[in-house]
Every structure is written in C-alpha cells, then in structure tokens.
Amino acid sequence: MAYEPIWTTTPEKLNKFEFVKLEKDGLDVIRTIIEEYATSGYDAITPEDMDRFKWAGVYQQKPKDGHFMMRVRINGGIMDTAQAYALAEIARLYGRELVDVTTRQAIQFHWLRVEHLPDIFQRLEQVGLYSFEACGDCPRTIVGNPLAGIDKNELLDTTEIVEEVNRFFLLNRDFSNLPRKYKMSISSNIYNNAQAEINDLSFTPAVKVIDGKEIVGFHIMVGGGLSAKPHLAQPLDIFVRPEEVLKVAIGVTTIFRDYGYREKRHHARLKFLVADWGPDKFKEKLLEQVGGLPSRGEDKTAGWQAAYFDGVHPQKQQGLNYIGLGVPVGRLNADELIQLAQVAEQYGDGKIRTTMSQNILLSGIPDEKLDEALAAPVLERLTPFPQHFLSRTVSCTGNEFCNLAIVETKRRAVEVAKHLDQHVTLTDKIRIHFVGCPNSCGHKHIADIGLQGSLIKTPEGMVDAFDIAVGGTLGGGDHGVQARFNQVLKGRVKGDQVASVLAQLLQFYKDQRTDAESFHEFVQRVGVPAFQEQLSRILESNIAS
C-alpha cells in the first residue's frame with residue numbers, strides 16, 4: 001500500500017471483515033478468479049474470497065447454487081453502441097438474455113457462472129467497460145447527468161469530469177479498502193437528476209463571482225445514503241471549480257478511508273461520520289487535505305425531476321432530439337438492447353444513456369429522422385409514451401435473485417402498476433418504489449409511495465407483505481422543495497392486496513387534493529396521520545370482508 005492504514009493501530013475496534021480485507025485486498029480476487037476459480041470451479045471458492053468477489057462486481061445469486069449476479073459500471077449512464085452490443089452478447093451467451101438497468105445507471109446480469117467470468121471481463125475491457133469495483137468497500141459507479149453534453153439545463157458538460165474521476169479511482173489500491181461502500185454523483189443539471197442528497201459525495205451546479213468574473217462550478221454535499229438508517233447529504237460551505245473536482249473527490253475519499261468507522265459494518269458508511277462531525281468539522285478536515293477553497297457561491301439547482309425524461313425532447317444542439325424510453329422496472333432482454341443500439345446507430349448519435357430511474361435514452365436524432373426512429377418495433381414495449389403508473393414504478397432485484405430480499409419485487413411492481421393504470425385516472429405521475437429488504441436499492445425512501453417487503457403470518461402460513469410509506473422527495477437546492485424521506489404507515493399489506501390498497505389511497509388523494517397539488521404537497525398539507533387513518537380503514541374493511 002502507498003498509504004498507512006492508520007485504523008490498524010486499534011485492532012480491537014475492527015469488525016471481522018476488516019481483517020479479511022487486510023489479509024488480501026479485494027482487488028486481488030480478480031486475478032484469483034481468472035487464474036484459479038474459473039478452472040477449479042464454484043466449489044473451490046473460499047468463504048473469504050466469496051466476500052471479496054464484490055470487488056470484481058460480482059455477488060452470489062440466490063439460491064447460492066453456483067450462479068452469480070454482475071454489475072457493469074456505466075459511468076454517468078452514457079455508453080456507445082459497441083458497448084451496448086458487447087453487453088447484449090454477454091447477456092445472450094451467459095445471462096439467459098436478461099439485462100437490468102439499476103438505480104445507479106449500471107447494467108446488471110444474472111445467471112453467470114465463475115467459469116464464464118474471465119471471458120466476460122475480457123469482453124467488457126475490449127469495449128472500455130468494467131465490472132470491477134461496481135460492488136465492495138470502494139468507490140463504486142459514478143452516477144451523473146445522462147444528458148451530459150446535450151442538455152439545455154446543464155451549466156457545463158460533465159462527461160470528461162466524470163471520466164477523470166473514474167480513471168483515478170478505478171483499480172486504485174490507495175482507495176480499494178474503504179470502511180464501506182462509497183457512492184459519488186457529479187452533475188451540472190439544474191434539476192438534480194443525479195439524486196445529490198442520497199450520495200456519499202455529490203457535486204451540484206453552482207456559480208460564483210471570483211475576481212469580478214462569474215465562474216461556473218459546483219457545490220458539494222457529503223454523507224448521504226439510504227438503507228435501514230437513511231441520511232440526507234449535508235452541504236459544505238465551499239465552491240469547487242471544474243478543474244478541482246478530482247482533488248476534492250480525493251480529499252473526501254481520503255477522509256472516509258482514514259477516519260471512517262470500521263467497528264460495526266452496519267455503522268460504517270460516511271453518513272455516520274458526517275453526522276457525528278457535522279459539516280463544519282468535515283469542511284475543516286477537507287481543507288487540511290486539499291488546501292484553500294472559496295466559500296459557497298450561488299446554488300443553481302432549481303428543482304427535482306426525479307431523473308425522468310420520457311417522450312421526445314429537443315437537445316441544446318439545434319435540430320437534434322433525444323427520446324426518453326420507459327423500461328418497466330429497468331428490465332429488458334438482449335435482443336431489445338441490440339435493437340436499441342441499431343436505432344441509435346441508424347438514427348442517432350450512437351449513444352445509449354441509462355438513468356437513475358432505471359430507464360433509457362436515445363440521443364442525437366435529427367428532426368427529419370424522428371418519425372422513423374419512433375416507428376422502430378423495439379419502441380412498442382420500451383415506449384417513449386408509457387402509461388402513467390408503469391412509467392414511474394421502480395423496483396430492486398427482489399428475492400428472485402437477491403439473497404437479502406425477503407419478497408419478490410419486480411413482477412409484483414409491474415402487476416401493481418398495471419392495475420393502477422387500469423383503475424386510477426390521474427394526470428399526475430406518482431412515483432412508486434418497491435424494495436425487497438431494508439437496504440433500499442430501489443430508493444424506497446425518496447418515493448411518493450415507497451413499499452418495503454416483509455412477511456405476515458396467516459392461517460395458511462407466512463405470505464409476502466409490504467410496509468407502505470408516503471411523502472418522499474429530493475430537493476431543489478436553495479430554491480425549491482426541501483428533500484425529505486417518506487414516512488412509514490402502520491399496518492402491513494398482503495402482497496396480493498397492495499394494488500387495491502394503493503388504488504384506494506390514491507383515490508383519497510384524487511378526491512381531496514386542490515388544483516395542481518402534487519402528491520408530495522398533498523401529503524405535507526393533510527399530514528401523514530390522514531393517510532394512516534385511510535390505511536387503517538382500508539385494512540379493517542379487508543379483514544371484515
């Protein structure tokens with residue numbers, strides 16, 4: 001190591017997994033996979049190395065029978081068609097055709113076997129993609145503005161900044177042993193489409209007058225994260241020029257590496273250090289790392305659009321457009337990805353862009369080619385004009401593949417959304433997020449309606465159920481709605497009753513709302529107790545019937 005692991009001076013304060021990481025760096029498992037396990041097979045993998053597989057971007061898939069899930073980094077959510085074809089081929093050869101878009105703009109595969117991994121690593125590297133460090137206690141996929149370079153609402157194109165930061169941290173052994181997972185977002189879009197408040201470190205658009213000249217740059221926030229104990233990131237009183245983003249990212253990550261908590265795995269994210277230190281102390285420590293930085297300038301975040309872009313939209317380049325497609329709960333197949341790449345090549349700029357809402361964009365389409373592009377058969381299911389509820393429903397992987405999930409989520413989410421589209425008429429698009437466990441990979445806490453999987457005892461045995469929370473949102477910086485997590489209602493709902501229960505809660509909103517009042521505004525006005533009263537009445541009625 002090029003740095004001194006100062007936390008090892010107090011070994012009594014280290015959890016067991018810290019000793020696993022000290023014994024062998026997580027990145028070393030990549031070579032072990034290629035040189036040993038791909039030949040010796042699944043049964044030869046040691047428990048310690050199985051935990052280290054995360055640094056290769058790989059997890060055991062449920063039911064731990066030799067199959068793996070893999071995440072592939074799509075930094076900022078922008079890939080070219082060569083990369084899309086390679087991803088589709090991997091899914092076709094090894095992943096039973098399945099392709100998932102995640103809430104961090106990554107591509108996720110399932111059904112992989114350890115003997116497949118060397119060839120997959122090679123296929124990815126040939127097109128400039130990597131699964132390495134898409135998981136593990138390290139800097140993970142950097143999320144950003146999927147519209148970077150074409151966005152009318154960005155202050156500057158952040159594509160190269162994201163790439164610079166990614167190049168520095170990827171496979172960098174100085175930062176491959178952090179206390180826990182570490183997530184960054186970098187966006188200059190004024191509508192917070194990289195979800196700044198739920199990242200460990202986020203860069204958001206700002207300007208500041210320095211020496212009489214207005215400089216476009218960033219503000220930063222630190223300490224965001226979801227899971228069982230969600231925290232909103234806190235702003236620091238600094239302004240960062242574009243050329244200083246990497247320096248600041250290194251500084252914040254160094255603080256987390258050296259001072260982050262390593263005693264308890266469930267209390268090791270950066271959010272806990274930030275909560276204990278406070279923003280002033282964290283800023284002081286950061287300036288010790290990176291030197292002087294100006295104070296905050298003018299925040300340019302104007303609102304939150306939740307990273308949704310469905311429909312046809314003009315780019316900042318005259319005569320060019322992008323199409324926002326609805327990908328139900330982020331799931332498509334290899335053939336559909338190939339067809340999207342063909343559309344991008346034939347009619348667009350050869351780019352496919354993934355979003356944090358698990359959707360896909362096609363960009364660079366001239367006005368005169370729009371009609372032809374929209375007529376592509378693949379856009380029938382992955383439509384730019386999706387139904388309201390299906391278009392705003394997000395889901396984690398669920399217990400179909402995930403060992404942590406208690407219940408199935410993706411199929412359930414689609415069924416619920418389709419039911420609501422058939423039975424509830426609303427002009428507003430309500431954001432509904434499903435998660436199968438407290439880790440909140442489906443970003444349950446920031447949804448209008450969040451559903452977390454659980455179990456409930458019935459005379460027939462244990463059945464899937466969900467806890468319902470209402471009123472979540474992210475914010476619009478200094479100028480808009482303040483971010484807040486949704487609040488959980490008492491009373492678990494059986495899985496097969498979720499659709500009808502949500503329909504009734506949404507009817508309550510529809511009947512009682514004022515003109516143009518959003519769901520979040522309605523929750524704030526009437527209060528969570530009003531929703532609790534409605535849910536309790538519905539559940540009592542269900543029992544009686």
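Derivation of every value follows stated rules applied to the coordinates shown; laboratory data play no part. Note that the structure is a prediction, hence the values are computed from the model and not measured. Heads up, the Cβs are rebuilt from the backbone with ideal geometry, glycines too, and the neighbour counts pull from every protein chain shown.
Taking Cα pairs under 8 Å and at least six residues apart, what relative contact order does region 253-353 come out at, in percent? Can you show the working numbers first?
Details: 49 pairs, mean separation 11.2, N = 101.
Relative CO of region 253-353 lands at 11 percent.
Nothing charged except the Cβ atoms of Lys and Arg (+1) and of Asp and Glu (-1): what's the magnitude of the dipole of the chain about its Cα centre? Round to the nearest 20 debye.
Details: 62 positive and 71 negative charges, 269 e Å.
Charge dipole of the chain: 1300 debye, to the nearest 20.
How do Phe531, Phe203, Phe17, Phe385 line up, fewest other C-beta atoms within 10 Å first?
Details: Phe531 22, Phe203 29, Phe17 16, Phe385 13.
In increasing order of surrounding Cβ atoms, one gets Phe385, Phe17, Phe531, Phe203.
Using r as the Cβ-Cβ distance of Gln317 and Ile215, and R0 as 30 Å, what FRET efficiency do you calculate, to the nearest 0.05? Before the final figure, lay out each step's value.
Values: r = 25 Å, r/R0 = 0.82.
That gives a FRET efficiency of 0.75.
Looking at region 390-544, what % of the alpha carbon pairs are farther apart than 23 Å? Before the final figure, lay out each step's value.
Details: 3996 of 11935 pairs.
Cα-Cα pairs in region 390-544 separated by more than 23 Å: 33 percent.
By the scheme Lys and Arg +1, Asp and Glu -1, what is the net charge of all other residues having a beta-carbon under 13 Å from that of Lys429?
Values: positive: Arg392, Arg431; negative: Asp310, Asp421, Asp428, Asp448.
The answer is -2.
Would you order Ser518, Ser188 from fewest to most other beta-carbon atoms within 10 Å of each residue's own beta-carbon?
Working: Ser518 16, Ser188 26.
In increasing order of surrounding Cβ atoms, one gets Ser518, Ser188.
For Gly476, what is the net charge nearby, where nearby means another residue's Cβ is under 12 Å from its Cβ and Lys, Arg count +1, Asp, Glu -1?
Values: positive: Lys300; negative: Glu197, Asp299, Asp478.
That sum, taken over residues with Cβ under 12 Å, equals -2.
How much space per residue, in cubic angstrom, does the convex hull of the C-alpha atoms of region 57-132 take up?
Details: hull volume 6.0 nm³, N = 76.
In region 57-132, the Cα convex hull volume per residue is 79 Å³.
Taking the Cα centre of region 390-544 as the origin and placing charges on Cβ (Lys, Arg +1; Asp, Glu -1), which of Thr514, Ser395, Gly461 is farthest toward the positive end of the dipole?
My answer, from the dipole projection, is Gly461.
Hey, what D do you get for region 117-190 in µm²/s if you plug the Kirkwood alpha-carbon radius into Stokes-Einstein at 25 °C and 0.890 mPa s? Each step should come with its number before you reach the end.
Details: Rh = 13.6 Å.
Answer, rounded: 180 µm²/s.
Please compute, for the alpha-carbon atoms of region 283-379, the extent along each of the three principal axes and give them in descending order in Å.
In descending order, the Cα extents are 56, 32, 23 Å.
Using the alpha-carbon centroid of each, what span in Å lies between region 207-245 and region 7-33?
If you average the Cα positions of each part, the centres end up 32 Å apart.
Evaluate region 6-299: find the radius of gyration of its Cα atoms, find its Kirkwood radius, and give the ratio Rg to Rh. Mind showing how you got there, number by number?
On the way: Rg = 19.5 Å, Rh = 19.9 Å.
Ratio of gyration radius to Kirkwood radius for region 6-299: 0.98.
Once both labels are modelled 7 Å past Cα along the beta-carbon direction, what's the Ala2-Ile456 spacing in nm?
Each label point lies 7 Å from its Cα, and together they span 5.5 nm.
Taking the Cα atoms of region 166-252 alone, what are Rg (to one decimal) and Dmax (as a whole number) in Å?
Rg and Dmax of region 166-252, Cα atoms, are 13.9, 46 Å.
So for the chain, averaging the separation of alpha carbon pairs under 8 Å that are six or more residues apart and normalising by length, what relative contact order in percent results? Display every interim value, and only then the final one.
On the way: 1215 pairs, mean separation 65.2, N = 545.
Value for the chain: 12 percent.
Can you give the FRET efficiency for Arg411 and Glu160, using 1/(1 + (r/R0)^6), R0 = 45 Å, r = Cβ-Cβ distance, to the nearest 0.05? Working shown, then result.
On the way: r = 40 Å, r/R0 = 0.89.
Using R0 = 45 Å, I get an efficiency of 0.65.
For region 390-544, what relative contact order do you get, as a whole percent, if you take Cα pairs closer than 8 Å and at least 6 residues apart?
Working: 290 pairs, mean separation 27.8, N = 155.
Value for region 390-544: 18 percent.
Ranked by Cβ crowding within 10 angstrom, fewest neighbours first, how are Tyr59, Tyr261 ordered? Can you show the working numbers first?
Details: Tyr59 24, Tyr261 19.
Ranking Tyr59, Tyr261 by Cβ neighbours within 10 Å, fewest first, gives Tyr261, Tyr59.
Kindly state, as a whole number, the per residue volume in cubic angstrom of the convex hull around the alpha carbon atoms of the chain. Show your work: numbers first, answer last.
Details: hull volume 87.0 nm³, N = 545.
For the chain, the hull spanned by Cα atoms encloses 160 Å³ per residue.
How far is the Cα center of region 380-426 from the Cα center of region 448-526, in Å?
Using only Cα atoms, the two centres lie 15 Å from each other.
Among Thr409, Leu489, Gly476, which residue has its Cα positioned farthest towards the positive end of the charge dipole of region 390-544, with +1 placed on the Cβ of Lys and Arg, -1 on the Cβ of Asp and Glu, and the dipole taken about the Cα centre?
Farthest along the dipole direction, towards plus: Thr409.
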